[in-house]
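*Asks:* If you scroll down you'll find the structure; I have some questions about it.
Readers should treat all values here as calculations from the given coordinates under stated rules, not as data from a laboratory. Worth saying up front: this structure is predicted, and the values here are computed from it rather than measured. No Cβ is skipped: glycine too gets one built from the backbone with ideal geometry, and neighbour counts run over all protein chains shown.
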Amino acid sequence: MNLSVQEKIENEKEITYVVSGEIDVYTAPKLREKLLPRCQGGTTITIDFTDVEYIDSTGLSVLIGAYKAQGQTGGKLILKGMNARLQRIFRITNLNVIMLNEEKVQEDGRQ
Amino acid sequence: MDIHLKKLYEKLLASYMTEPKEDHLYSAQQLSKWFIEKRVSPEEVINVHIGSVKRMVPELPREVKATLEMLLEVMVGYGVAYQEREQLMSRQRELEDEIEVAAGLQQTLLPEATPSLPGVDIGVISVASKQMSGDYYNFVDHGMQQLGVGIADIVGKGIPAALCMSMIKYTMDRLDAKSLSPGEILRDLNTIVERNVLPSMFITMIYGVYDSLNHQFRYATAGHEPGLIYSAREDCFTSLETKGMVLGVLRDNEYPEYVADLEPNDAIILFTDGVTEARVDGKFIERETIKSMIRDHIHLPAQQAVEAIHQKLYEMTNYIMRDDQTILMIKRVG
């Protein structure tokens, strides 16, 4: 299964990645190569997972790397559009607690 | 080239030139296998060919001679590529040998035998999808008939995962696990992993202590795939709680503890995500399917049960293991 990563630079500080396919041990390096160099200088990075069917632990490790790099430079990482399977993985690993995702932000807003 | 091979080639060529037959071509194929075996380079074969042709056809037209020289020149590049390939093959064999040694060493990180505990039957199976595994399990004697059980999945595969596994193993050996509760053990492991691994590396783990005096399982999890508790009386499963961050991401982290009470014939089944993310006909296996596989084998002794469950899963996934699989069962004997 292939992975495509589309980069949309909204402006200097805001970048969106539209990812589609499966993020696994074979495809995760592609995401890492695009994502990590951008995780500096306090950028807000949004990753749209609407067309991602599956993420494995290697995929999660790329996001953790990005999360840590963003944290060190005062940036933000926003994850959105995750399907039920992805949300379950984030819930089990408890990564949902530290990584912003749009659904969570919206829920908090409602409260 | 070996003089014997050279003569053989010339003889074959001569016969074919005189009266071409299908058999000659078959023999040529066999001969090429010998060339490869003897590591004869492509340009060397061409060179021998040119020499033979010149001897057998002294009046070879100048134009044909020129074409053969051209061919020889072109094949020199192939010869270099062939040698490089040979070197790569030999390097690969060396690496494979090294990995084999490392895989053997990795096996020594796992417990040699499954411990025995009064009134409890324990079984475990851990199978790597490739040579090196990212799954780890361990047993710790907490004294007073209490047994600690840890099961972990290290992100990624291969050598980096195996190196990280050795860190977990030696950290656990150094911790005075006996005096620590599951939550404290995970907290200590997290601190060490967070300090010592690459920023993107993490580990999921569940650690529990089975108290065989009152058949209570006290556990804490670090982002690990939730295990199951089988209730024999109700013939149903409940999932273990999973409220704890994966190891290696946040420096200070607390791991809440939970308790499960086991009645006779109840069982705790722990596994790694290689089990829950196995694919049957391209689709992820349903958690209900895993439960029914466990139910089908729960009557067996624990070791036989985990082996049978793994085998069944292996069959269902058409003998394709995408990830390492570990299944551990603790059963209260009736």
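*Asks:* Among B:MET144, A:PRO37, A:LEU95, whose Cα lies farthest out toward the positive end of the dipole of the protein assembly as shown, if unit charges sit on the beta carbon of Lys, Arg (+1) and Asp, Glu (-1)?
*Replies:* Farthest towards the positive pole: A:PRO37.
*Asks:* Let me ask another. Which order, highest average first, do B:113-122, A:48-57 follow once you tally other Cβ atoms within 10 Å for each residue and take the mean per peptide? Could the numbers behind the result be given before it?
*Replies:* On the way: B:113-122: 14.5, A:48-57: 19.1.
Going from most to least packed, we get A:48-57, B:113-122.
*Asks:* Same structure, new question: Highest mean first, how do B:56-65, B:292-301, B:269-278 rank when packing is the count of other Cβ atoms within 10 Å averaged over residues?
*Replies:* On the way: B:56-65: 9.7, B:292-301: 15.9, B:269-278: 23.0.
Taking the mean over residues of other Cβ atoms within 10 Å, the ranking is B:269-278, B:292-301, B:56-65.
*Asks:* I would also like to ask the following. How large is ³J(HN,Hα), in whole Hz, for each residue of region A:40-56 in order, when computed from phi with the Karplus curve 6.51 cos²θ - 1.76 cosθ + 1.60 and θ = phi - 60°, using x for Gly and Pro?
*Replies:* 7, x, x, 7, 9, 10, 10, 10, 9, 9, 3, 9, 9, 8, 7, 9, 9
*Asks:* What's the average, rounded to a whole number, of partner chain beta-carbon atoms within 10 Å of each residue's beta-carbon in B:199-208?
*Replies:* That works out to 4 on average.
*Asks:* Convex hull volume of the Cα atoms in region B:61-187, per residue, in Å³? Could the numbers behind the result be given before it?
*Replies:* Working: hull volume 17.2 nm³, N = 127.
Residue-normalised Cα hull volume stands at 136 Å³.
*Asks:* Hey, another quick one. Does the protein assembly as shown classify as rounded, prolate or oblate by the C-alpha gyration tensor (a ≥ b ≥ c root eigenvalues; a/c under 1.5 gives rounded; else a/b over b/c gives prolate, otherwise oblate)?
*Replies:* Working: a/c = 2.80, a/b = 1.82, b/c = 1.54.
Verdict is prolate for the protein assembly as shown.
*Asks:* Related question: Would you give the gap between the C-alpha center of region B:311-334 and the C-alpha center of region B:183-225, rounded to a whole Å?
*Replies:* Between the Cα centres of region B:311-334 and region B:183-225 lies a distance of 22 Å.
*Asks:* Quick one: dipole size for region B:112-332, taken about the Cα centre, charges +1 on Lys/Arg Cβ and -1 on Asp/Glu Cβ, in debye to the nearest 20. Working shown, then result.
*Replies:* Details: 20 positive and 31 negative charges, 79 e Å.
In total the dipole reaches around 380 debye.
*Asks:* Angle check, please: helix B:3-18 long axis (alpha carbons) against the longest principal axis of chain B (alpha carbons), in degrees 0 to 90, nearest 10.
*Replies:* The angle comes out at about 60 degrees.
*Asks:* Size of the dipole of the protein assembly as shown about the Cα centre, Lys and Arg at +1 and Asp and Glu at -1 on the beta carbon, nothing else charged, in debye to 20?
*Replies:* Values: 48 positive and 65 negative charges, 149 e Å.
Dipole of the protein assembly as shown, to the nearest 20 debye: 720 debye.
*Asks:* OK, next. Could you work out the mean count of beta carbons from other protein chains within 10 Å of each residue's beta carbon in A:88-95?
*Replies:* Details: counts 1, 4, 1, 3, 11, 13, 13, 5.
Average per residue, whole number: 6.
*Asks:* Assuming R0 = 56 Å, can you tell me the calculated FRET efficiency for the pair B:PHE284 and B:GLU37, based on Cβ-Cβ distance, to the nearest 0.05? Walk me through the numbers on the way to the answer.
*Replies:* Working: r = 47 Å, r/R0 = 0.83.
It comes out at approximately 0.75.
*Asks:* Evaluate the charge dipole of chain A about its Cα centre and quote only its size in Debye, nearest 20, assuming +1 on the Cβ of each Lys and Arg and -1 on the Cβ of each Asp and Glu. Provide the component values of the computation, followed by the final result.
*Replies:* On the way: 14 positive and 15 negative charges, 59 e Å.
Dipole of chain A, to the nearest 20 debye: 280 debye.
*Asks:* I've got another one for you. Could you list which residues have their amide H under 5 Å from that of B:ASP141, counting only those 5 or more apart in sequence or on another chain, with H placed in the peptide plane?
*Replies:* Answer set, sorted by chain and number: B:GLY148.
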